[in-house]
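Worksheet for the structure shown next.
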Amino acid sequence: MKSILRRELGSPLLMGLVGSLFIALGSLAVGWLGPGSNVRGWPIIQSVRGNDLLVHISTFVVIGAGLLLVIAWLKLGSAMRKNPADALKRVIVTSVVWALPLAFAVPLYSRDLFAYVGQGRLMAGGFNPYVDGISAIQGWFNIGVDPMWANAKTPYGPVYLWIEQITVMVAGTSPIMAVALFRLIAIISALAIAYFAYRIALMRQVDPGKVLWLVLASPVIMFNFVVAGHNDALMLALLIAGVYAALKKHPIIGILLVTASVGVKPIAVLALPIIGIIWAGQNRTVRSTIKYWIVSVAIGAAVLGALGWLMGIGFGWVLTLATPGSVSHWYAPVNILAIAVGGAFGAFGLDGEMPANIVKFIAIGVMVLVVAWVMLTKRNLDPLMRLALAFTATVVLSPVIHPWYAAWCIILFAIVGIKEGLATHLVVSASIFFACVSIAEGMDISDSVQGDILGYVIRTVFITGGGIALIIAYCIHEELSVKLIVQRIRDARERRTVAKLQRAAAAGAPGRATKARTSA
């Protein structure tokens, strides 16, 4: 009996469930609520938020429970590898059990759900979100919108603006009901991502259990789509559904679905050329590929143009694509380089702002070149690999990398099929890192708690130390070391070299045989 109890207590499902329950519980004290929300008057909310000690404790509860969920996810992956027979069923059941408490948590990790409410009210009030910021509506601050974005133009496409308008109209005057509906959309979208990723995995003979471990059970997905309710979930659901339709020889449906994805977030436009490549087939030529690209773009532009015209907002989203770029993140490689260059100029008493901006502009130029190469190269690249590489280049070469941007890359590489070994270790390490970045996002806490420097330092050390410890523990568990990684990279290069030589020899063999027959 004791052994059974010990095994169950240590199971990934139960461990993750405990983490999810405590995240939901802690969110009552530190989750985001609008300043004017009537929920703040509920007795339980009022009691925990009015006590600074309980708020301090809740911040650590949320952080610790988040790290526990990451540990449970890693244990789930290990358990699935040991028993692959029931891996698929296990990952689905576990993911659902973890997600249920999180679906009822007060919003954490981001305040974007409240921005969706504000933009929906803009649309319902007859404003144009590509011209007017959320501050144009009366009482915008009480909704809970981050003041940083009060005057910003929306970067979302017309499809999502229409969804925001409908959702707000259905919810009526209740921001909480609207937030719940937007989160429901994100959760349904996450399930759709998992479904189409599963279908693509079966089609391409990729392990579906491993795909869903990365796509459905990942804490990056749990934190950013289930709890934070980001509309990136809807964008990815439509995009992956479109790719699936194209792979099933339904290119027009694929184009329409990807166009809808672009109408949610314009970054999805990277998938339109991929649909054209799939449509052109394996024996495509440059001419045929360009033809299908033109058709794909023409259909997408016509649909979005018609929708924008009907809604009276036109193509305003094209001019507001730089809105998220007004912030920078310390962990973005481009931002690190820009800060270093700016600091070097500043050390000599020179203005470092311009050199730092030049670095960012150069990075954008490199991004465009890399994406163009990925789309245009004649190398025998899998279309889905092209898509994953294009999105990854866009993220890595941007000074802005939100954790939910990392979800784009993780999900797309998952459906490509990540080989065991170094590739898997990189994706898992990135997932741990961005899960910890999500956990580190600000919470809705009082000024007295926010201004407590000691508490802030302890929380930062807790998250940083926890993230580093998890990555080190994972490396130890997988018997990884710098020496081993270098050796694996060297072995991979040697295998590629041998494969190239073999292909070259195979290509030259028919020619030599013909020459030999001619001589005879």
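At 0.890 mPa s and 25 °C, plugging the Kirkwood radius over alpha-carbon pairs of the chain into Stokes-Einstein gives what diffusion coefficient in µm²/s? Translational D for this selection: 99 µm²/s.
For A150, what charge total do you get from the other residues with a beta carbon under 15 Å from its beta carbon, if Lys and Arg give +1 and Asp and Glu give -1? Overall, the nearby charge balance is 0. When the surface is traced with a 1.4 Å probe over the full set of protein chains, D232 keeps roughly 0 Å² accessible.
In the chain, the calculated helix contribution to ellipticity at 222 nm averages -23500 deg cm²/dmol per residue, counting -39,500 (n - 2.57) for every DSSP H run with n ≥ 4. Here the gap between L53 and L184, fully extended at 0.36 nm per residue and compared with their Cα-Cα distance, gives a gain of 43.9 nm. Extent along the principal axes, Cα only, for the range 98-139: 40, 19, 16 Å, with the longest axis given first. With 21 Å as the limit on Cα-Cα distance, the pairs of K89/K249; K153/K265; K249/K419; K210/K419; K248/K419; K265/K378 that go past it are K89/K249; K249/K419; K248/K419; K265/K378. When peptides 111-117, 37-43 are sorted by average Cβ neighbour count within 10 Å, with the highest value leading, the order is 111-117, 37-43. On the beta carbon distance between R40 and F361, with R0 = 45 Å, the FRET formula returns roughly 0.55. Normalised by 2.2 N^0.38 Å, where N is the number of residues, the C-alpha radius of gyration of the range 1-104 stands at 1.31.
The values are calculated or read from the model by the stated rules, or taken from the named source; none is laboratory data. It should be emphasised that the depicted structure is a prediction, and the values quoted were computed from it without experimental measurement. Because the Cβ atoms are built from the backbone with ideal geometry, glycine has one as well, and the counts that use them run over all protein chains shown. Side chains are part of the model used for accessible areas, which takes the heavy atoms of the whole protein and leaves out ligands, DNA and RNA. Shrake-Rupley method; radii C 1.70, N 1.55, O 1.52, S 1.80 Å.
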